[in-house]
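Any read-out appearing in this document is the output of simple, stated calculations on the displayed coordinates, not a laboratory observation. From a predicted model like this one, the values you see are computed outputs, not experimental measurements. Note that each Cβ is placed from the backbone with ideal geometry, even for glycine, and that neighbours are counted across all protein chains shown.
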Amino acid sequence: MYTADKNEYDSLVKLSVTYLNEGIDHKIFTKLVAKNNLIATPYYPLYMKTVRQHFWTSDANEYNVLRVQLALFNDGGIDGYIFLNAVVTSSVPLYRLVLNKTPIHHLTINNNEFDFLVKSESWTLERRPENPSGFTVYVMPK
């Protein structure tokens, strides 16, 4: 599980036997930035209480549909800024996978983890019409 919330992180790692601390995996920008002549895009966090699932999207339409029209997720504002569909110097792809036939998502920058999950046939890389490569965003490694 990913979180950008320090309080949530502290409570899960310090108070829970369910979660193990794997440390910082990647970073996103806290302010709107431009790199390699590209402007960063807002990264929206949503949270579904019923399945204790965090979900991030860079798609403003998807964000609005999930939080307003479907009322499935709680609104999280903007967590930070990322880059879309283009390799920015030193960036890595952050894959967004979905557990088949569920609303459960998993994010990873780890190619070995990605390969293992996709080969298991339980997880599918999400592809969107505007992003057929399946890389949801590009982030900075830790």
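General remarks:
- Filter on 49/142; 49/119; 31/142; 27/119; 6/49 - keep pairs with C-alpha separation over 22 Å: 49/142; 49/119; 27/119
- Computed label-point distance, nm, for sites residue 127 and residue 71 using a 7 Å Cα→Cβ extension: 3.5 nm
- Spin-label model, residue 104 to residue 8: label points 7 Å out along the Cα-to-beta-carbon direction sit 1.7 nm apart.
- Whether region 39-110 is rounded, prolate or oblate, judged on the alpha carbon gyration tensor where a/c under 1.5 counts as rounded: oblate
- Other residues whose C-beta falls under 10 angstrom from the C-beta of residue 45 contribute a net charge of -3, scoring Lys and Arg +1 and Asp and Glu -1.
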